[in-house]
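The structure appears below as structure tokens.
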Amino acid sequence: MKKFLVTANWKLNGSYNFINKNIKIIKKINHSLKYCQLSISPPYVYLHYINNLIKNTSISLTAQNVDIHLKGSFTGEISVNMLKDIGVKYVIIGHSERRIYHNEDINFISKKFVLIKKYNLIPILCIGETEEQRKNKLIEKICINQINSILKISNINIFSNTIIAYEPLWAIGSGKIADINEVKKVILFIRKYISSLNKEIVENIYFQYGGSVNYFNINNFFKKKYINGFLIGKASLTMKNFIFLIEKIEKNLYLLNRS
Ligand code: PGA
């Protein structure tokens with residue numbers, strides 16, 4: 001059974017104080033989890049420190065970014081090997097905040113995807129549409145373009161053991177979660193597209209949803225097994241809320257697995 005992957009994307013937040021207090025709390029709840037698997041994505045500078053704190057637990061580390069180069073004169077960048085060195089398992093790429101504020105385009109993101117896989121880390125590829133693109137019914141086109149751009153420099157096998165996070169831009173940080181039926185439609189569409197190229201590969205892809213996930217709005221997401229995880233921003237920063245949210249996810253997964 002695939003465990004449900006909850007990734008806490010802390011973005012540009014955190015401090016030693018925040019980490020020391022909260023990793024203890026996360027480790028405690030992690031003990032009791034049967035269906036959920038937790039991953040923490042702090043800013044780069046805290047990855048190594050957190051890696052030491054979560055040793056001997058099932059909690060994993062996710063990096064928020066990586067460079068496309070392995071070494072050399074690239075001031076300010078971090079390579080896949082460096083991430084591996086400090087115990088990182090997953091790398092978020094294609095997040096809309098990087099596409100918007102750092103002008104990362106689909107070709108650049110595709111290069112990252114291929115490199116991350118080549119060095120045996122797991123990419124979390126974020127794909128999602130703006131409100132405008134949604135109105136213009138461009139969601140499918142956006143997904144296809146990103147997938148095809150990766151296929152242009154690699155082949156369909158590259159998608160094995162990867163994560164695709166559907167994150168509508170209008171839902172990120174807005175308090176408006178997407179409707180589960182729309183999420184389901186997008187995920188089924190991506191599944192169908194990849195499966196038309198290779199039926200087996202699609203079974204090895206995790207599909208996460210991200211965008212304003214919180215304790216109050218997730219119930220509908222567990223009516224059926226459409227998604228394999230959440231990418232959570234804001235709600236992962238207040239520990240009391242985050243713990244309630246994890247408990248609720250775990251309870252819903254228990255019920256779903258019983259039915
Ligand atoms: P949010 O962020 O949960 O605050 O909407 C999600 C994300 O950006 O991954």
Next item on the list: Can you spot the lysines whose alpha carbon is less than 21 Å from residue 84's alpha carbon? Ignore those fewer than 8 places along the same chain.
Entry: 11, 55, 71, 111, 112, 117, 118
Notebook entry, point to check: What relative contact order, as a whole-number percentage, does the chain give when Cα pairs under 8 Å and 6 or more residues apart are counted?
Noted result: 19 percent
Next item on the list: Find how many whole Å separate the alpha carbon centroid of segment 164-228 from the alpha carbon centroid of segment 103-121.
Entry: 21 Å
Check: Tell me, in nm to one decimal, what length is gained between residue 48 and residue 24 on full extension, where the rule is 0.36 nm per residue of separation less the Cα-Cα distance?
Finding: 7.0 nm
Note to self: Give me Rg/Rg_expected for the chain, where Rg uses Cα atoms only and Rg_expected = 2.2 N^0.38 Å with N residues.
What the structure shows: 0.96
Next item on the list: Quote to one decimal, in nm, the extra length available between residue 257 and residue 136 on full extension: 0.36 nm per residue of separation minus the C-alpha distance between them.
Entry: 39.8 nm
Notebook entry, point to check: Given the rule -39500 (n - 2.57) for each run of at least 4 DSSP H residues, summed and divided by the residues of the chain, what is its mean residue ellipticity at 222 nm, to the nearest 500 deg cm²/dmol?
Noted result: -12500 deg cm²/dmol
Check: Please state the relative contact order of segment 12-64 as a whole percent: Cα pairs under 8 Å, 6+ residues apart?
Finding: 42 percent
Checklist line | Where labels lie 7 Å past Cα in the beta-carbon direction, separation of residue 107 and residue 225 in nm | finding: 4.0 nm
Checklist line | In order through segment 21-31: 3J(HN,Hα) via Karplus (6.51 cos²θ - 1.76 cosθ + 1.60), integer Hz, x for Gly, Pro | finding: 5, 8, 5, 4, 5, 5, 5, 5, 5, 4, 3
Next item on the list: Quote the relative contact order of segment 83-141 in percent (integer), defining contacts as alpha-carbon pairs under 8 Å separated by 6+ residues.
Entry: 41 percent
Item checked: Net length gained if the chain between residue 240 and residue 71 were fully extended (0.36 nm per residue, minus Cα distance) -> 56.8 nm
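Bear in mind these aren't lab numbers, they're just calculated from the coordinates by the rules spelled out. Quick caveat: nothing in here was measured; it's all calculated off a predicted structure. Cβ atoms come from the backbone with ideal geometry, glycine included; neighbour counts cover every protein chain shown.
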